[in-house]
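A short write-up of the structure that comes next.
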Amino acid sequence: MVSLKKDVSDEELKSSLLHKFFRMRAGVKRHIYESDVPKGFPPYLRKKIMKMAEELYRKGLLRKFPHGKENVWQLNIERIEEIKEIIKRFYPI
């Protein structure tokens with residue numbers, strides 16, 4: 001995931017977040033609960049991670065839908081090639 005350095009770029013955070021979804025295979029039948037999206041990131045980045053997730057949702061790279069008491073998140077598999085390109089900037093696939 002993201003290192004503990006304070007000066008993490010937005011592009012690196014987006015890539016790290018998409019990499020988390022990709023590693024967990026949250027695409028077709030799997031999903032991540034909204035409360036679990038920022039887990040694994042340092043506490044000082046959690047609000048920023050949720051803002052990045054909302055931004056990626058608006059761009060169409062993530063999907064969000066209600067499930068039970070909270071929303072769940074998935075990768076948009078229709079744009080998986082674009083997602084892989086973003087991830088490859090910082091992480092090997």
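The values are calculated or read from the model by the stated rules, or taken from the named source; none is laboratory data. Small disclaimer: the values here were computed from a predicted structure and weren't measured. Positions of Cβ are backbone-derived with ideal geometry, glycine not excepted, and every protein chain shown enters the neighbour counts. These accessible areas exclude ligands, DNA and RNA; they are computed on the full protein's heavy atoms, side chains included. Shrake-Rupley method; radii C 1.70, N 1.55, O 1.52, S 1.80 Å.
Numerical summary
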| quantity | calculated |
| --- | --- |
| Percentage of interatomic Cα-Cα distances in the chain larger than 24 Å | 13 |
| For the stretch 10-24, 3J(HN,Hα) per residue [Karplus equation, 6.51 cos²θ - 1.76 cosθ + 1.60, θ = phi - 60°, Hz, x = Gly/Pro] | 5, 5, 5, 5, 4, 5, 5, 5, 5, 5, 4, 4, 5, 4, 7 |
| HN-Hα J in Hz across the stretch 58-68 - Karplus 6.51, -1.76, 1.60, θ = phi - 60°, x for Gly and Pro | 5, 7, x, 8, 10, 10, 9, 8, x, 8, x |
| For the chain, accessible area per residue (1.4 Å probe, heavy atoms of protein chains only), Å² | 63 |
| Built amide H within the under 5 Å cut-off of L62, gap 5+ | Y57, N76 |
| Cα-Cα over 22 Å, subset of K29/K88; K14/K47; K39/K69; K47/K84 | K29/K88; K47/K84 |
| The stretch 35-44 - phi-based ³J(HN,Hα) in whole Hz, Karplus 6.51/-1.76/1.60, Gly and Pro as x | 5, 9, 4, x, 5, x, 9, x, x, 6 |
| Spin-label model distance (nm) - I93 vs S35, 7 Å beyond Cα toward Cβ | 3.2 |
| MRE, 222 nm, helices only [DSSP H, n ≥ 4, -39500 (n - 2.57), over the chain, to nearest 500] | -12500 deg cm²/dmol |
| Amide N proximity, the stretch 75-93 versus F65 label position 7 Å along Cα-to-Cβ, cut-off under 16 Å | 75-79 |
| Within the accessible area of the chain (1.4 Å probe), percent carbon and sulfur | 52 |
